[in-house]
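Student: Below you'll find the structure I mean.
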Amino acid sequence: MKPLKELTKAELLVMKEELTQEYKDAQAKGLQLNMARGKPGVSQLELAMPMLDVINSSSDMHTMLGNDTRNYGDLDGIGECRRLMADMMSVQKDNVIVCGNSSLNIMYDTVSRSMVKGVNGSTPWCKLDKVKFLCPVPGYDRHFAITEYFGIEMIPVPLYEDGPDMDMVEQYVNNDDAVKGIWCVPKYSNPTGISYSDEVVKRFANLKPAAEDFRIYWDNAYCIHHLYEDKQDEILNILEECEKAGNPNMVYIFASTSKISFPGSGVSAIASSLENVKFIMSQMTIQTIGHDKINQLRHAHFFKNVDGLKEHMKKHAQLMRPKFEAVLDVLNEELAGLEIGTWIEPRGGYFISFDAMEGCAKEIVAKCKDAGVIMTGAGATYPYGKDPKDSNIRIAPSFPTPEEMHEAAKLFALCVKLVSVEKLLETM
């Protein structure tokens, strides 16, 4: 197709009229689809339903070590669930604490603890004049919400196809002792779907922080969320690389089964150095008697081991793949060659990131909403909700059916074309 910017004003006006009519027809269909968040679809939730049958009132509720999951104990999680999560995260069991249903909750607690108690004996952040976090963009809005909540200054860092701009990361981390952390989604990143290269991971591990309490917040949410069996991204083990580089305490790794079992009733975990784990546990003894060990036992019995987790995720991929491909097929059919948007075709994760023409994202999302398709708000993938180019849009294909996703993608592409034509006409 011919790039829209090469069309004359007369041609664009004709196209606008045609697209406007198409949009009115789309509005008349009365669509009601919500793609605002990466929620697993109903068919994915059904995959985990047998988990509810592995434990009942006649079950042996003891762990392999003989501990009674109905009672107090196992503050860091039952051993079999720690092993399961450790293998999923590619770390040792002793480096893992299993918590409740939400890794986001662990991230919040980790930042909160740093604010109030410091990091392994350092000055509490609340007593410092300035605390800063680096935020690769586009990124995960809930990460940014945590640091914004605590009044931490957020510094956007460009995210490329192999990871964050490491020159910029090194410049800030190695020279500014107010920089205390960086948010990372290293594999099938939210929202772009990219995975960090070996070089990027090694450069992270070899940082020389000006602040002794600097930490990498490594949210490996999609570590086993592949879409294809024959095309899978793999990343280096950041904890091992940090140990090799002499920075064993520099990283916190987060993960959960939220998009593996049940989003509201999974298990989450944090992995880090033994020193960091000890410090975290010292706070947990004040905060809780322990997390839901019966749920941990349920997960351990259902999945059995990491191979069971991976087999389960193959079933998820069979359900997710058609939804992603429905979106990508429409984008390629409707927008390729028009030069009004770019997108990445991910191999895993939960999102497709679309970059529209500058100044168009909010209007595209608004038009989609007015025609019955609700998307994540434009700007959400940037700190403070402010995309300086008003360009990035996160597409979440997981919840609708493939057929609904195709319909939604058609509407999205229509809105992209209509808003882009209007934008080009404004400049003439």
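The values are calculated or read from the model by the stated rules, or taken from the named source; none is laboratory data. Small disclaimer: the values here were computed from a predicted structure and weren't measured. Heads up, the Cβs are rebuilt from the backbone with ideal geometry, glycines too, and the neighbour counts pull from every protein chain shown. Note: accessible area is taken over every heavy atom of the protein model, side chains too, but ligands, DNA and RNA are not part of it. Shrake-Rupley method; radii C 1.70, N 1.55, O 1.52, S 1.80 Å.
Listed here are the residues, each with its yes/no results for (1) within 22 Å of HIS291 (Cβ to Cβ); (2) within 22 Å of the chain's Cα centre (by Cα); (3) buried (at least 16 other Cβ atoms within 10 Å of the Cβ); (4) free of Cβ contacts under 8 Å to residues at least 24 places away in the same chain.
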| position | (1), (2), (3), (4) |
| --- | --- |
| LYS2 | no, no, no, no |
| MET35 | no, yes, yes, no |
| MET49 | no, no, no, yes |
| THR69 | yes, no, yes, no |
| MET107 | yes, yes, yes, no |
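Student: For segment 308-340, which positions are open to solvent by 20 Å² or more (accessible area, probe 1.4 Å) and either touching a Ser or Thr at 6+ places or on another chain (Cβ under 6 Å) or not acidic (Asp, Glu) (or both)?
Tutor: Across segment 308-340, the qualifying residues are GLY308, LYS310, LYS314, LYS315, GLN318, LEU319, ARG321, PRO322, ASN332, ALA336, GLY337.
Student: Whether any residue in segment 13-28 is closer than 28 Å to GLU339 by Cβ and of a type in the set (Val, Ile, Thr) is what I want to check.
Tutor: We begin by selecting, within segment 13-28, every residue closer than 28 Å to GLU339 by Cβ; these are 13-27.
With the extra rule that they be of a type in the set (Val, Ile, Thr), the set shrinks to 14, 20.
Within segment 13-28, one or more residues are closer than 28 Å to GLU339 by Cβ and of a type in the set (Val, Ile, Thr).
Student: Another question about this same structure. Restrict the check to segment 76-98 and report whether at least one residue is β-branched (Val, Ile, Thr) and open to solvent by 80 Å² or more (accessible area, probe 1.4 Å).
Tutor: Within segment 76-98, not a single residue is β-branched (Val, Ile, Thr) and open to solvent by 80 Å² or more (accessible area, probe 1.4 Å).
Student: Which residues, taken from segment 4-19, are exposed (fewer than 15 other Cβ atoms within 10 Å of the Cβ) and under 26 Å from PRO402 (Cα atoms)?
Tutor: The answer is none; no residue qualifies.
Student: Being open to solvent by less than 50 Å² (accessible area, probe 1.4 Å), of a type in the set (Ser, Thr, Tyr) and not in a strand (DSSP E or B) is the filter here; which residues of segment 264-307 pass it?
Tutor: SER272, SER273, THR288
Student: Can you confirm whether LYS389 is in a helix (DSSP H, G or I), open to solvent by 10 Å² or more (accessible area, probe 1.4 Å) and touching a helix residue (DSSP H, G or I) at 6+ places or on another chain (Cβ under 9 Å)?
Tutor: No.
Student: Related question: Taking interchain pairs and intrachain pairs at least six residues apart, which have beta carbon atoms under 8 angstrom, with the first residue in segment 252-265 and under 24 Å from PHE204 (Cβ atoms) and the second part of a loop (DSSP other than H, G, I, E, B) and not small (Gly, Ala, Ser)?
Tutor: Pairs that qualify, where the first residue is under 24 Å from PHE204 (Cβ atoms) and the partner is part of a loop (DSSP other than H, G, I, E, B) and not small (Gly, Ala, Ser), are ILE253/VAL91; ILE253/ASN220; PHE254/ASN220; ALA255/ASN220; ALA255/CYS223; SER256/ASN101; SER256/VAL267.
Student: Still on this structure, I have one more. Only one of ASP219, ASP162, ASP213 is surrounded by fewer than 16 Cβ atoms within 10 Å (Cβ to Cβ) and under 27 Å from SER268 (Cα atoms); which?
Tutor: ASP162
Student: What pairs can you find where one residue is in segment 219-248 and in a loop (DSSP other than H, G, I, E, B), the other is of a type in the set (Asp, Glu), and their Cβ atoms are less than 7 Å apart, with a gap of 6+ or different chains?
Tutor: LEU236/ASP198
A quick yes/no check of all residues on (1) touching a strand residue (DSSP E or B) at 6+ places or on another chain (Cβ under 7 Å); (2) assigned to a loop (DSSP other than H, G, I, E, B); (3) closer than 16 Å to TYR217 by Cα; (4) open to solvent by less than 60 Å² (accessible area, probe 1.4 Å):
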| position | (1), (2), (3), (4) |
| --- | --- |
| MET115 | no, no, yes, yes |
| CYS126 | no, no, no, no |
| PRO136 | yes, no, yes, yes |
| HIS143 | yes, no, yes, yes |
| GLY151 | no, yes, no, no |
| MET154 | yes, no, yes, yes |
| VAL157 | yes, no, yes, yes |
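Student: Follow-up. List the residue pairs whose Cβ atoms are under 6 Å apart, where the first residue sits in segment 194-207 and is farther than 23 Å from HIS226 by Cβ and open to solvent by less than 80 Å² (accessible area, probe 1.4 Å), the second is of a type in the set (A, V, I, L, M) and assigned to a helix (DSSP H, G or I), and the two are 6 or more positions apart or on different chains.
Tutor: Taking only residues 6 or more apart or on different chains, the pairs are ARG203/MET166; LEU207/VAL173.
Student: Given the options SER353, SER273, SER258, name the one that is among the small types (Gly, Ala, Ser), modelled with pLDDT under 95 and under 25 Å from ILE182 (Cα atoms). Give the derivation first.
Tutor: Details: SER353 fails: modelled with pLDDT under 95; SER273 fails: modelled with pLDDT under 95.
Just a single option satisfies the conditions, and that option is SER258.
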